[in-house]
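Take a look at the structure below.
The values are calculated or read from the model by the stated rules, or taken from the named source; none is laboratory data. Predicted model, so just to flag it, every value in this text is computed and none were measured. Glycine gets a Cβ as well: all are built from the backbone with ideal geometry, and neighbour counts include every protein chain shown. Heads up: the accessible areas ignore ligands, DNA and RNA and are worked out on the full protein's heavy atoms, side chains in. Shrake-Rupley method; radii C 1.70, N 1.55, O 1.52, S 1.80 Å.
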Amino acid sequence: MLNRRGVLAAGGIAAGVLGVPKLLAPAEGHEDSTHGEHVFVESKTFTGTRPAIVPWTRPMPVPPVLKPLVSTPKQEIYQLTIENTTAEILPGLQSPVLGFGGQFVGPTIRGKTGRKTLIMLQNKLDEPANVHLHGGHVPPEHDGHPKDLVEPGRTRLYLYPNTQQGTTLWYHDHSHGTEASHVYLGLHGAYVVEDDSERGLNLPSGAYDVPIMLRDIQFDDSGNIVVFDDPSKRTVVLANGVPQPYFEVAARKYRFRLINTANQRVFKLKLTGDKFTRIGSDGGLLGASVVTEELILSSAERTDVVIDFSKYPIGSRVVLTDFMAGEILRFDVVRRATDNSRVPAVLRPLPAQPLSTVDREVDLAFVFKPNERPDGVINGKVFDMDRVDFTIKRGATETWLIRSSDPTGVKHNFHLHLVQFRVLERNGGPPLPSDEGLKDTIPITAGETVKVRATFTGYTGRYVYHCHFLEHSWIGMMAQLEIVP
Ligand SMILES: [Cu+2]
C-alpha cells in the first residue's frame, strides 16, 4: 500500500545529465532525447495483465456534492478527510489512491459568494498533507501554504470567506515536497463558488451544471499506477476519474466546468461536429460569451462552457477530443427536456483595473548540475519558505512580466495565489483567447514573455507563486510574496 516510505521512494527523480529528465517535460508531444528513470509505487498490488479500457462502457460519474454539517445563511461547516482508498480506474481493478473524503475524485464543494465555508480537514494518512483552494481569495493561514501541514491523525480548520464572485475553483494538496505525488494519486476536487448576483443570467444550473475534472495517469503492464516516470506515458485520460466514459445528456443546454487537474499537461479540446460556447475562465464569468472550436487548458486552468444539445436527435453522440489523447469523453443524447436557460452574449463586466504602480519580472527555469537532480528556480533561486522574494503593499496594483528563459525548451505554467490577474500581452502582442478573463494560472512556453496585472487586495501575509506543473514546483520552482500594510 501507499505509505510514507512508498511515496518517498516514488519521489526519486532522474537527473538528466545532458538534458531534461522526461519527468519534467509536460505531456504535450514535446520530447527531448534523454531517458527518465522508471520509478514505481513501492509495492505492486497487481501482477496479472493490465485490463483493457473499452471506450464508452462506463458512465462518467458526477462527483457528489459534499453535505454541510451546519448550514446557515452566513456560513456552512463541512467535515472532510484525506485518506488512503481505492478506485476502479481500470475495469475490475481497485487501484490504491488517495482521496478527499475517501473518493477519487473528491466530492464537489459548493460555496456561495457572501457566505463562509469552514472545512474541518482530518488527515488520515500516515504522512503530512494539507489543502489549498486553488484560485481562492483566502487569508494566508487558510491558503494551504506548503509549510502549513496537517500532521497525521490531526484535524485542522480551513476558512474560505467566499468574498469573490462566482467561479469554478478546485482544491488540492499543497504539502511541501509531496504535493506532486499527493495530487497525482488523487487529492483533487472541484469547488464551485455560486453567486446569486448571476442568477438573472439564467445560465444552465442544477443537474445541468456539471464539473468535469480532466487529468492523465500512467499504468504499468499489470495495471499498477506509475507515479513518476515520463509524463508522455500518462496516456490514460480520466474524466471525473474514469477513462473514456459516456455521459448521458438531455437534448438541451448544459454548463460544464472543465478543470485540468493533471500534474503537467496541456489539453487542446474539441467537439466532434460542434463548438463550445465559452462563458468563464479561472476567476469567473467572461465579459461576453465566445463561440470557439478549440479550448486550450493547461494544468490547473479552468474554463466554463455551454454545450447546447437541443439541436441533436435522440441517439446522437458528441465526442470530446484532445489533440494528443484522442477521444476522451462521449456525450450521449438520450432524452428530451425543457430548457428555460440562456447563454447571453453579454455576461458580466470584468472588474476595472487600477493603474499599476510597480513592475516586476518573474523568470521560470531549470538549473542543471552534473549527476544530480536539477533544480527548479524562479529568478535564479530555489524555493525557500523562510525567504520573502517580493514584498507587496496591500492594495497595490502591479504589472509582472512572466518569462521562461529556460534553455531546455520545456513549457512552464505560472500560478499566483490569492488574487486573479489579467493577461495584458503575450510576447508583446495580444493575449491568446485562452488568456481572456480573470486568470490565476497561465501556460508559458520557453522563450515567451507574458505581461499580467494584478491588484493585491484583502489580506496581509505570505503567499506563494509557482510553476503549476507540480513536478517543477516540487523541485523548487516556487517563490514567496509578502503583502504588508
Ligand atoms: Cu515549470
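Using a probe of 1.4 Å, the accessible surface attributed to ARG394 totals some 120 Å² when neighbouring protein chains are kept in position. In units of the compact-protein estimate 2.2 N^0.38 Å, region 50-121 shows a Cα radius of gyration of 1.42.
Quick check on region 275-389: what does the Kirkwood estimate of hydrodynamic radius come out to from the alpha carbon pairs, in Å? About 19.1 Å, per the Kirkwood formula over Cα pairs.
Rounded to the nearest 10 square angstrom, THR49 shows an accessible area of 130 square angstrom against a 1.4 Å probe.
Here the simple spin-label model places points 7 Å from the Cα toward Cβ, and for LEU157 and ARG342 these points are separated by 4.3 nm.
Peptides 220-230, 326-336, 195-205, ordered by how many other C-beta atoms sit within 10 Å of their residues on average, highest first, read 220-230, 326-336, 195-205. Per residue, the accessible area of region 358-484 comes to 34 Å² when a 1.4 Å probe rolls over the protein heavy atoms. Peptide packing for 79-86, 181-188, 425-432 was compared via the average number of neighbouring C-beta atoms within 10 Å per residue; ordered from the highest value, the list is 181-188, 79-86, 425-432. At a probe radius of 1.4 angstrom, the accessible area of region 147-216 per residue rounds to 30 square angstrom.
Kindly provide the Kirkwood hydrodynamic radius of region 206-336 in Å, to one decimal, from all pairs of distinct alpha carbon atoms. Walk me through the numbers before you get to the answer.
Values: mean 1/r = 0.0652 Å⁻¹.
It is 15.3 Å.
Full extension of the segment from LYS369 to THR47, taken as 0.36 nm per residue of separation minus the current Cα-Cα distance, would add 112.2 nm.
So for TYR312, TYR465, what's the accessible-area order with a 1.4 Å probe, most first?
Values: TYR312 40, TYR465 0 Å².
I get TYR312, TYR465, largest accessible area first.
Take 277-283, 360-366 and order them by the average number of nearby Cβ atoms within 10 Å per residue, most first; the result is 277-283, 360-366.
Rounded to the nearest 0.05, what FRET efficiency do GLN79 and LYS116 have when you use their Cβ-Cβ distance and R0 = 25 Å?
On the way: r = 15 Å, r/R0 = 0.62.
According to the calculation, E is roughly 0.95.
Determine the shape class of region 369-463: with a ≥ b ≥ c the square roots of the Cα gyration tensor eigenvalues, call it rounded for a/c under 1.5, and otherwise prolate if a/b is greater than b/c, oblate otherwise. Oblate. Have a look at LEU149, GLY280, PRO68 and report the one farthest towards the positive end of the charge dipole of the chain, computed about the Cα centre with Cβ charges (Lys/Arg +1, Asp/Glu -1). Going by the charge dipole, the pick is PRO68. Taking every DSSP helix (H) stretch of at least 4 residues in the chain, weighting each as -39,500 (n - 2.57) and dividing the sum by the residue count yields a mean residue ellipticity at 222 nm of -1000 deg cm²/dmol.
Hey, any idea what % of the chain's accessible area is carbon plus sulfur with a 1.4 Å probe? Don't skip to the end; give the middle numbers.
Details: 9170 of 17730 Å².
Of all accessible area on the chain, carbon and sulfur atoms account for 52 percent.
Restricting to region 206-336, what percent of DSSP beta bridges are antiparallel, rounded to 5?
Details: 37 of 49 bridges.
Antiparallel bridges: around 75 percent, rounded to the nearest 5.
Between the beta carbons of LYS147 and VAL70, assuming R0 = 41 Å, the FRET efficiency works out to 0.90 to the nearest 0.05. Going by the alpha-carbon gyration tensor, a ≥ b ≥ c the square roots of its eigenvalues, is the chain rounded (a/c under 1.5) or, if a/c is not under 1.5, prolate (a/b greater than b/c) versus oblate? It is rounded, given that a/c, with a ≥ b ≥ c, falls under 1.5.
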